[in-house]
């Protein structure tokens, strides 16, 4: 099978190229600053031409503007990239009968639930990033009946910059740590997510899925686990969301419940195990 992957130079895209490339022919599309084949997803003509030219059997759409605070500063760009870009890809693939998997976010929810969100709970994004990802979801649903929407959250990976690396860097530099205690979610190891998506694609069972490592944590609890697992004795000051002003408004409680994928036999291990494996591979585990 020929699989076209957008955002192939990103953290999740790279992991998916590695895994899917073992059994399929992968066509990687990269961001404009990376070497390789680039398609401007916000231009219908380029998306249409690329889908027609490469004629894939399946499309995995990981490309997105994931700078949540950047999206809050420039919501129109967020809508163009994450919303319209996804719409163009869904329309081009749907017209040709090409199945599509779209990677979405926990931030399509408002965070007011009292339990983890199920796949078909009502969405209600409260910031421009979440809204742009919700628009992408609606476009996929409307334009391509053979679709998979995969919502995930709080990704950490071996390249780039994310919460785990930020906490470790600050601790090793002796900087004071102040971490929010009232934002709760599902920490997710990109390698585990890539494995789960690979398994999901093989089912060809269309629908909406929640794929995160199992379990929940506050940002504060997650940071504490990072330091403890890495063997660093650093004090963390717990603070509230109100004490950490930022351009975006994060939903306070967005753990995702995996019912649909679990029914197909696809589950992810607890985030604590994933974190320990991640840090071991990063040579940061305390010995």
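The values are calculated or read from the model by the stated rules, or taken from the named source; none is laboratory data. Remember, it's a predicted structure, so these values are computed and weren't measured experimentally. Cβ coordinates were reconstructed from backbone atoms using ideal geometry, including for glycine residues, and neighbour counts include every protein chain displayed.
Please enumerate the residues belonging to the range 115-137 that are without any contact (Cβ under 8 Å) to a residue 40 or more places away in the chain and over 21 Å from residue 67 (Cα atoms).
Matches in the range 115-137: 121, 122.
For the range 47-66, what are the residues that are surrounded by fewer than 15 Cβ atoms within 10 Å (Cβ to Cβ) and either under 21 Å from the mean Cα position of the chain (by Cα) or farther than 22 Å from residue 194 by Cβ (or both)?
Residues satisfying the conditions are 49, 52, 53, 55.
If I go through the range 246-259 residue by residue, how many of them are over 17 Å from residue 218 (Cα atoms) and either surrounded by fewer than 20 Cβ atoms within 10 Å (Cβ to Cβ) or over 21 Å from the mean Cα position of the chain (by Cα) (or both)?
Here the count works out to 4.
As an exercise: evaluate residue 140 against (1) more than 19 Å from residue 258 (Cβ to Cβ); (2) touching a strand residue (DSSP E or B) at 6+ places or on another chain (Cβ under 7 Å); (3) surrounded by fewer than 19 Cβ atoms within 10 Å (Cβ to Cβ); (4) at pLDDT 95 or above and give the number of the one condition it does not meet.
Condition (3) is where residue 140 drops out.
Restricting attention to the range 165-194, report how many residues are in a helix (DSSP H, G or I), at pLDDT 95 or above and touching a strand residue (DSSP E or B) at 6+ places or on another chain (Cβ under 9 Å).
Count: 2.
Quick check on my filter: what residues within the range 180-200 are surrounded by fewer than 19 Cβ atoms within 10 Å (Cβ to Cβ) and under 30 Å from residue 18 (Cα atoms)?
Once the filter is applied, which keeps residues that are surrounded by fewer than 19 Cβ atoms within 10 Å (Cβ to Cβ) and under 30 Å from residue 18 (Cα atoms), the range 180-200 yields 195, 199.
Condition first: in contact (Cβ under 8 Å) with a residue 60 or more places away in the chain and under 17 Å from residue 31 (Cβ atoms). Now tell me which residues in the range 71-93 satisfy that.
71, 89
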